[in-house]
Amino acid sequence: MIDQIHTVRDGALHRLAAATSSDDVRAVELEVLGKKGALTDLKAGLGKLATIEEKKEAGRALNDAATQVADALQLRLGEFRRAERAVQLEAERVDLTEVMRRPGRGHAHVVTQAWQRLEDVFVGLGFQVAEGPDVETDWYNFEALNMPANHPARSMHDTFYVEHGTPGSTVLRTHTSPVQIRVMQDVPPPIYMIMPGRVFRNETTDATHLAVFHQLEGLVIDRGITLADLAGTIEAFTRAFFGEGFTSRLRPSYFPFTEPSAEFDIRTPSGEWLELGGCGMVHPNVLRAGGLDPEEWSGFAFGFGIDRMAKERHGIGDVREMYSNDIRFIEQF
Ligand code: DAH
């Protein structure tokens, strides 16, 4: 009996030492210590022993064996539990440094910033802000601005046409000037208005040209407005937007919607002249298209590119850079 007990015990301890998982350990527990386990069976056989002395001895050996097996079993189980828990923890691991790497706070795009600053400057000079539609009729975009069909100036506006209505009647506006007409139709004079917005030209892009860009249009309509008011407004705007070291000049030019027409340049503190935009006294035909009597009202208009302003203000070499959406570029402004 004692030998049998030791054989079962040694076999169990051996199996426990060789176990590779907690399942192996549980199998040994069941087969040795369980209800129908080997040691349990032997215990049941104690009664068949002849003497009290033998029963006592075998009983002690059984208890010792059971304790040894149970202790070894708990030890191995503990080892496997720790290993299995380590595997589980690794699988469920959360990298807290990853949570801390929050995305930085964003800001308005460099062109949006220029747009907002320009609005601020003109609002400071007493202007109101209006906007018109991106998709325009040929009439608002050209005809009402004194550019009838076949007018040579139209060839300077490479136009995107929209398939709507009679062919050629609907365009993506090529400039913000059509909003002048809409404002004249909607608002009784005096008018002191700026009209920023997106414009479109069917052109190949390069370092200074985009097919989709932004302009800011200005319109003043009042009684007795002269070219001096236009020059003074451009000068006030130049100093307010670029700084006191800057000044402006008008150069004779031609636009169908103004007469006389001029281009305006600014002079940087280093003495360099930069061409900024066009302007002039609103043509009588344009006033009439807007529903105003040229005998009663006069005014001036101007227009320039917003993207261009951002480019000059920040010394950006290539306008396309501003729309490449490269975060390393965008973040600089
Ligand atoms: N609309 C012109 C363009 O896109 C710019 C312009 C010139 C606007 C003269 C004006 C103006 O209001 O008076 O090239």
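Quick notes on this one:
- Set of lysines near residue 48 by C-alpha distance (under 29 Å), chain-local residues within fewer than 8 positions excluded: 35, 36, 56
- Projection of the Cα convex hull of the range 38-170, averaged over all directions and equal to a quarter of that hull's surface, yields 23.5 nm².
- Neighbours of residue 174 by Cβ distance under 14 Å: Lys/Arg scored +1, Asp/Glu scored -1, total -3.
- Taking a Cβ cut-off of under 13 Å around residue 62, the surrounding Lys, Arg, Asp and Glu residues balance to a net charge of 0, with basic ones at +1 and acidic ones at -1.
- Among 45, 278, 104, the largest mean-square fluctuation in a Gaussian network model of the chain, built with springs joining Cα atoms closer than 10 Å, belongs to 45.
- Between the residues 277, 34, 187, the greatest Cα displacement towards the positive end of the dipole of the chain, with unit charges on the Cβ of Lys, Arg, Asp and Glu, is found for 34.
- Footprinting exposure proxy for 268, 176 (fewest neighbouring C-beta atoms within 10 Å first): 268, 176
- Considering only 322, 156, 281, the mean-square fluctuation computed in a Gaussian network model of the chain, springs between alpha carbons under 10 angstrom, is largest for 156.
- Relative to its residue count, the range 133-268 spans a Cα convex hull of 130 Å³ per residue.
- Kirkwood Rh in Å, taken over the chain so that all alpha-carbon pairs contribute: 26.8 Å
- Rounded to the nearest whole Hz, the Karplus-based 3J(HN,Hα) values (6.51 cos²θ - 1.76 cosθ + 1.60, θ = phi - 60°) of the range 73-90 follow the sequence 4, 5, 4, 5, 4, x, 4, 5, 4, 4, 5, 5, 5, 4, 5, 5, 4, 5, with x at glycine and proline.
- Of the trypsin sites (Lys or Arg not before Pro) in the range 215-254, the ones in a loop by DSSP (not H, G, I, E or B) with at most 12 other beta carbons within 10 Å are 223.
- Separation in nanometres of the label points that stand 7 Å from Cα toward Cβ, at residue 64 and residue 330: 8.0 nm
- Per-selection Rg to Rh, the range 41-92 - Cα, Kirkwood hydrodynamic radius: 1.38
- Excluding same-chain neighbours fewer than eight residues apart, the lysines reachable from residue 55 by a Cα-Cα span under 18 Å are 43.
- Working from the Cα coordinates of the range 240-333, the gyration tensor eigenvalues give, after taking √(5λ), semi-axes of 33, 17, 11 Å in decreasing order.
- When the trypsin sites (Lys or Arg not before Pro) in the range 92-174 are filtered for DSSP coil states and for at most 12 other beta-carbon atoms within 10 Å of their beta-carbon, the remaining sites are 93, 101, 105.
- Loop-resident GluC sites (Glu not before Pro) (DSSP state other than H, G, I, E or B) in the range 91-151 with no more than 15 further Cβ atoms inside 10 Å of their Cβ: 92, 131.
- Rounded to 10°, Cα long-axis angle of helix 227-242 versus longest principal axis of the chain: 20 degrees
- Taking Cβ atoms as reference points and 10 Å as the exclusive limit, the residues near residue 297 contribute a net charge of -3, counting Lys and Arg as +1 and Asp and Glu as -1.
- Cα centroid separation, the range 234-257 to the range 142-161: 26 Å.
- Taking a point 7 Å out from the Cα of residue 320 in the direction of its Cβ, the residues of the range 183-224 whose backbone N falls within less than 14 Å of it are 203-212.
FYI, it's all coordinate maths here, none of it is from the lab. As the structure is a prediction and not an experimental result, all values here were calculated from the model. Cβ: placed from backbone, ideal geometry, glycine included. Neighbour counts: every protein chain shown.
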